[in-house]
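So the structure is just underneath, and the comments pick up after that.
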Amino acid sequence: MRKGNTEMKFIHLIPDSNHLVSLAKNLADIKSDDAHEIVVLPSNSHQKSFVVKAQDIWPSTATFTGNLAFAPEDIVIVHSLFLQHSFEISKQLIQRRAHVVWCMWGGDLHMVAQAPAGFDFLNGFSCAISFCGELVRYPQITLPEIPGSCHKVDASTQSSDLDKEKLIILGNSGDPSNDHLYMLELASRFKDHRYHIPFAYNGTPDYRARLIDKARDLGVWEKTTLQEGMLPLEEYNSIIARAELYFAAHNRQQALGSLASAYLNNTRVFMRRVITTPSGQTMANPGYLQMMNFGYPDVEDICSLENEDFRQTVELSPFVQNQVTDVHMQSTENRAAVFQRVKHICYGRAAQS
């Protein structure tokens, strides 16, 4: 209960994951005049809890107790719809005509949009905090869209005396959407490099076996590290920062946090600029568009490495100083503006006064 306090607050409902930490850092950084509370849901895909670290950064962080207390004027932001808890709570909030906002992650859009009555469910939200271009595939989704970020990209491992290694990072998880087999084909042509594959969640035994067989067939398994456990964020970012190259080949938006960390640590970043949808259509990669909106213009097309002449130039000159533009979506001002835009949609112009 509110006990008489009539000022609205933001309530963030988020799975226990490293994204919880980046949300806490964002709230601490933007210095919002609004109240923000973080409610953490248990996550099945991450073995490590990030709650204590988030509490150190943003004390108004607590684990979900089974009852979400909010006032009619509050705005609940649901960060991803991957968890069953997120679905159930969102449905209850929408039925009660509460102010409920969906903060989109990776593949949750496609999972929900393709479900029965998925479009009706998503259109029940007050608005969506989205990735640039992500909703283009689904014109049936008509809720207001706020391109932006609720998470602060953390590149704290960056150091002027950091030594780069002959290392290539391949993907960000064990999910087959990473297209590891394609990336291994490209990476195997870099004979002097080692390969690090983050594989801590969303993998299956069958896919793992296929990946290992592919690495053995290419003769690179002995210099490949398959990271199957969750690492502390600082350790994971340190590995990324030491790498010369980062490959991502998703046919959807994914791994933006890892890609951004790599970019800010002057790792040369490759990802798909054009993706193919499950129906066989091509479109600009929303993940690539998001990196551009983060102010990271030097991201390269991974498909260009299929050209051997170009690949050789990369191998001979892997070192870069990645440019970051002055005006971008990850700026403190633009991260703060996301919440003002949410208030504008939920309450109209009165919220701006």
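The values are calculated or read from the model by the stated rules, or taken from the named source; none is laboratory data. Since the model is a prediction, treat every value here as computed from it, not as a measurement. Neighbour counts run over all protein chains shown; Cβ positions are idealised from the backbone, glycine included. Areas reflect the complete protein model, heavy atoms only, side chains present, ligands, DNA and RNA absent. Shrake-Rupley method; radii C 1.70, N 1.55, O 1.52, S 1.80 Å.
Listed values, structure above:
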quantity	calculated
Given (1) free of Cβ contacts under 8 Å to residues at least 40 places away in the same chain; (2) within 23 Å of residue 288 (Cα to Cα), number of the condition residue 247 does not satisfy	(1)
Test: residue 10 is more than 20 Å from the chain's Cα centre (by Cα), surrounded by 15 or more Cβ atoms within 10 Å (Cβ to Cβ) and assigned to a strand (DSSP E or B)	yes
Subset of the stretch 106-151 that is assigned to a loop (DSSP other than H, G, I, E, B) and hydroxyl-bearing (Ser, Thr, Tyr) - its residue that is surrounded by the most Cβ atoms within 10 Å (Cβ to Cβ)	149
Meets criteria (within 16 Å of the chain's Cα centre (by Cα), of a type outside the set (Ser, Thr, Tyr) and surrounded by fewer than 22 Cβ atoms within 10 Å (Cβ to Cβ)) for residue 256	no
Answer residue from the stretch 210-223, given it is hydrophobic (A, V, I, L, M, F, W, C) and open to solvent by 40 Å² or more (accessible area, probe 1.4 Å) and is nearest to the chain's Cα centre (by Cα) among those	221
Breaking point among (1) open to solvent by less than 30 Å² (accessible area, probe 1.4 Å); (2) at pLDDT 95 or above; (3) hydroxyl-bearing (Ser, Thr, Tyr); (4) closer than 30 Å to residue 119 by Cβ, for residue 188	(4)
Residue within the stretch 62-77 that is open to solvent by 60 Å² or more (accessible area, probe 1.4 Å), among the hydroxyl-bearing types (Ser, Thr, Tyr) and touching a residue at least 24 places away in the same chain (Cβ under 8 Å) present	yes
Residue in the stretch 266-276 that is part of a helix (DSSP H, G or I) and open to solvent by less than 10 Å² (accessible area, probe 1.4 Å) present	no
Residue 226 vs. criteria in a loop (DSSP other than H, G, I, E, B), in contact with a Lys or Arg (Cβ under 9 Å, 6 or more places away or on another chain), among the hydrophobic types (A, V, I, L, M, F, W, C) and open to solvent by 10 Å² or more (accessible area, probe 1.4 Å)	no
Residue 40 being in a strand (DSSP E or B), within 24 Å of residue 254 (Cα to Cα) and in contact with a Pro (Cβ under 8 Å, 6 or more places away or on another chain)	yes
Test: residue in the stretch 96-105 that is of a type outside the set (A, V, I, L, M), open to solvent by 10 Å² or more (accessible area, probe 1.4 Å), at negative phi and at pLDDT 95 or above	yes
Options 94, 168: the member that is within 30 Å of residue 317 (Cβ to Cβ) and of a type in the set (Val, Ile, Thr)	168
Residue pairs meeting the criteria (Cβ under 8 Å; at least 6 apart or on separate chains; first at negative phi and among the β-branched types (Val, Ile, Thr), in the stretch 259-274; second part of a strand (DSSP E or B) and modelled with pLDDT under 95)	none
